[in-house]
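Colleague: Pasting in a structure now, in structure tokens, and then I'll have a few things to ask.
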Amino acid sequence: MPLHSKTADAQSHPSKAARAPRIRDVPAVTRAVAILRLLGASPAPRTLKSIAETLAIVPSTALHILRALAAEGLVKMDAATKRYSLGPGMLPLARNALKNSGFPTVVQPHLDRLASAHGVTAIGIEVSGLAHIVVNAISRSDLPVRLHVDIGSQFPALISASGRCVAAFGGHPWRDIERHFGQLRWQHAPDIDTWRTQVDQVRQTGYSVDRGNYIAGVTIVAVPVLDAHQRMAFGIVAVGLMNQLQPSAITRVAAQIREAAEEVHAQLYTDNSPR
């Protein structure tokens, strides 16, 4: 599965870089997006002052943007506390984004089979650079003990088994990967050299296993779903208790996930462009 460097590609084909569309700054849009991201990442509603100071926005400007977002239902304000949080208008946008990506529909039958056959929680994820991954499909087993995760949940892109896949197949420079790695929180964190060796192994095997590093007592198996350029766009993940996913079981689960990932790739990218 070859990886292609965007930098190297641009240097060897300068005309490609020259043809890249120029993106004009639109400060109001940039600030509105920054406010939405800040509110989405905040564990509690925020005051106007807190928002403005955190994002280095003039308070009056932040207020105008917040009022515009509130008018569209994307932000709401508690009249009693004067604090802002994401509004209900974000929900249909998020649902439509997940539904229209195509991946959730294509991957769901595979997740259902994984969960049924192995008693695991099977998850479909979408990769967003080195920032985070988003859960956009899920299937849970019928076992009385299982892990709970919701559609729309976000996790650091490089964490756990899926993170090793992102590092191996994301096409990102190592210096950027190493910087993000230093910000991760594990229960039993691997050192960077060990982790990099594991990433190299993922390139060879095509799948990754996390046994208790991210969450003690939990085994996570992940396989990348590559796009038309052989970079990781999505992923299929199986999560189970460590005593449930013994080494022999991991091999079987990984083989089934790899087969599923290849089928999903074929359905999404057979014409070399995502549907």
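Colleague: Starting from the Cα-Cα distance between Arg203 and Glu178, subtract it from 0.36 nm times their residue separation and give me the gain in nm to one decimal.
Modeller: Working: separation 25, 0.36 × 25 = 9.00 nm, distance 1.72 nm.
Stretched out fully, the Arg203 to Glu178 stretch lengthens by 7.3 nm.
Colleague: Grab the DSSP H runs of the chain that are 4 residues or longer, score each as -39,500 (n - 2.57), total them, divide by all residues and round the 222 nm result to the nearest 500 deg cm²/dmol.
Modeller: On the way: 11 runs with 131 residues, N = 275.
When only DSSP H runs of four or more count, the value is -15000 deg cm²/dmol.
Colleague: Another question, then. Which log10 I(q)/I(0) values, to two decimals, does the chain give at q = 0.11, 0.17 Å⁻¹ under the Debye formula with one point per Cα?
Modeller: Ignoring solvent entirely, the Cα scatterers give -0.74, -1.33.
Colleague: Taking +1 at the Cβ of each Lys and Arg and -1 at the Cβ of each Asp and Glu, which of Ile159, Leu91, Gly119 sits farthest along the dipole of the chain towards its positive end, judged by Cα position relative to the Cα centre?
Modeller: Positive-most Cα among the choices belongs to Leu91.
Colleague: Give me the tail of P(r) for the range 140-275 as a percent: Cα-Cα pairs with distance above 27 Å. Kindly include the intermediate steps, with their values, before the conclusion.
Modeller: Working: 1733 of 9180 pairs.
Considering the range 140-275, 19 percent of its Cα-Cα pairs are separated by more than 27 Å.
Colleague: Computed FRET efficiency, Cβ-Cβ of Ala71 and Thr47, R0 22 Å: what is it to the nearest 0.05?
Modeller: Numbers: r = 19 Å, r/R0 = 0.88.
Calculated transfer efficiency: 0.70.
Colleague: Also, quick follow-up: So if I take the centroid of the Cα atoms in the range 104-131 and the same for the range 196-275, what is the distance between those two points in Å?
Modeller: First find each Cα centre; the distance between them is then 10 Å.
Colleague: For the pair Asp191 and Glu263, what calculated FRET efficiency results from E = 1/(1 + (r/R0)^6), where r is the Cβ-Cβ distance and R0 = 30 Å, to the nearest 0.05?
Modeller: That gives a FRET efficiency of 0.25.
Colleague: Would you work out the charge dipole size for the chain about its Cα centre, treating the Cβ of every Lys and Arg as +1 and the Cβ of every Asp and Glu as -1, and quote it to the nearest 20 debye? Let's see the in-between values first.
Modeller: On the way: 29 positive and 20 negative charges, 164 e Å.
Roughly 780 debye for the chain.
Colleague: With just the Cα atoms of the range 28-94, tell me how far they stretch along each of the three principal axes, in Å, largest first.
Modeller: That works out to 30, 28, 21 Å along the principal axes.
Colleague: For the range 201-252, which semi-axes, largest first and in whole Å, follow from the square roots of 5 times the eigenvalues of its Cα gyration tensor? Intermediate results must be reported in sequence, preceding the final value.
Modeller: On the way: eigenvalues 104, 24, 16 Å².
The three semi-axes for the range 201-252 are 23, 11, 9 Å.
Colleague: Determine the relative contact order of the chain: mean sequence separation of Cα pairs under 8 Å and six or more apart, normalised by residue count, in whole percent.
Modeller: On the way: 423 pairs, mean separation 41.7, N = 275.
With pairs under 8 Å counted, the relative contact order is 15 percent.
Colleague: Further question on the same structure: Using the beta-carbon distance between Thr54 and Leu91 and R0 = 22 Å, what value does 1/(1 + (r/R0)^6) give for FRET efficiency, to the nearest 0.05? Numbers along the way, then the final one.
Modeller: Numbers: r = 24 Å, r/R0 = 1.09.
The value I calculate is 0.35.
Colleague: Each residue of the range 256-263 in order: what ³J(HN,Hα) in whole Hz does its phi give by Karplus 6.51 cos²θ - 1.76 cosθ + 1.60, θ = phi - 60°, with x for Gly and Pro?
Modeller: Computed from phi, the couplings for the range 256-263 are 5, 5, 4, 4, 5, 4, 5, 5 Hz.
Every number here is computed from the coordinates shown, using simple stated rules; none is lab data. Note that this is a predicted model, so its numbers are computed, not measured. Note that each Cβ is placed from the backbone with ideal geometry, even for glycine, and that neighbours are counted across all protein chains shown.
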